[in-house]
Amino acid sequence: MTEEPLKTLTRTSTARYTDRGSRFHAWAFPVMDMKDIETRRSGIAARYPDATHHCYAWRYNPFQPVEYAQDDGEPPGTAGLPILGVIKSAHLVNVLIIVVRYYGGTKLGKAGLIHAYREAAALSISIAEKRNLDRFIPISIQYPYDQENSIRELVSRFRMNADQEKYMENITMTLYCREKHASELTGILDHLAHLGVTYEPKPACFRPVGNGHLN
């Protein structure tokens, strides 16, 4: 069975859910690290200081996902974990979901709370644009101008993105090659060394594919 690819969000999405008078406002944020998470969390807390609860869950680091869930005064396991379950079921990473609740006067019970927080979180990502993530090897490359056609042919063949392009005495740029193709690519670059082509692989990273990034 093929493992479901990890995904991330392209932008913030929001949703609302109501149950017996209680209003649940949900935000799904793309985040890169704890700094992003804290900035988003504190922003929502400052914007909605009168809310009854600010519950949330996050998951980041595609290489080794780190997770956290916060119930913020709701009965243990009825808010943060259902939100986190939505994130994991959708195979999302580098995502923070915050669900703010305004109490409506009627207790929902544990089962009702689990359902409400799960529904609010699920609605927030159901309308979000998502992109698959894949492992890439960044390769810093330098070459003379007379090798431009050869390098561009490789960029097209391996469906790579180029970044940080500089045209000085030589051409330099960073190529993002899918990890599964990196060995073949570097073997070809080795054969071009006598023509003045040099390169340096960097540590692997995860990048979105599709919608602007080559598949």
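Results, tabulated for the structure shown:
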{"quantity": "Residue satisfying all of: in the stretch 109-155; loosely packed, with under 15 Cβ neighbours inside 10 Å and aliphatic (A, V, I, L, M); farthest from the chain's Cα centre (by Cα) among these", "calculated": "Ala111"}
{"quantity": "Breaking point among (1) surrounded by fewer than 15 Cβ atoms within 10 Å (Cβ to Cβ); (2) within 16 Å of Leu175 (Cα to Cα); (3) touching a residue at least 12 places away in the same chain (Cβ under 8 Å); (4) of a type in the set (S, T, N, Q), for Thr106", "calculated": "(2)"}
{"quantity": "Candidates Leu195, Leu175, filtered to the one that is surrounded by fewer than 17 Cβ atoms within 10 Å (Cβ to Cβ), modelled with pLDDT of 95 or more and either of a type in the set (A, V, I, L, M, F, W, C) or within 21 Å of Pro5 (Cβ to Cβ) (or both)", "calculated": "Leu195"}
{"quantity": "Given (1) closer than 15 Å to Tyr199 by Cβ; (2) within 26 Å of the chain's Cα centre (by Cα), number of the condition Asn161 does not satisfy", "calculated": "(1)"}
{"quantity": "Residue within the stretch 143-159 that is modelled with pLDDT of 95 or more and closer than 21 Å to Thr8 by Cα present", "calculated": "no"}
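Residue by residue, here is whether (1) in contact with a Ser or Thr (Cβ under 8 Å, 6 or more places away or on another chain); (2) among the hydrophobic types (A, V, I, L, M, F, W, C); (3) modelled with pLDDT under 95; (4) not assigned by TED's automatic domain parsing to the domain that holds Gly109 holds:
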position: Ser13; (1), (2), (3), (4): yes, no, no, no
position: His25; (1), (2), (3), (4): yes, no, no, no
position: Thr39; (1), (2), (3), (4): no, no, no, no
position: Ile44; (1), (2), (3), (4): no, yes, no, no
position: Ala51; (1), (2), (3), (4): no, yes, no, no
position: Gln64; (1), (2), (3), (4): no, no, yes, no
position: Gln70; (1), (2), (3), (4): no, no, no, no
position: Leu92; (1), (2), (3), (4): yes, yes, no, no
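The values are calculated or read from the model by the stated rules, or taken from the named source; none is laboratory data. Everything numeric in this text was worked out from a predicted model, so none of it was measured. Every residue, glycine among them, receives a Cβ derived from its backbone with ideal geometry; neighbour counts consider all protein chains shown.
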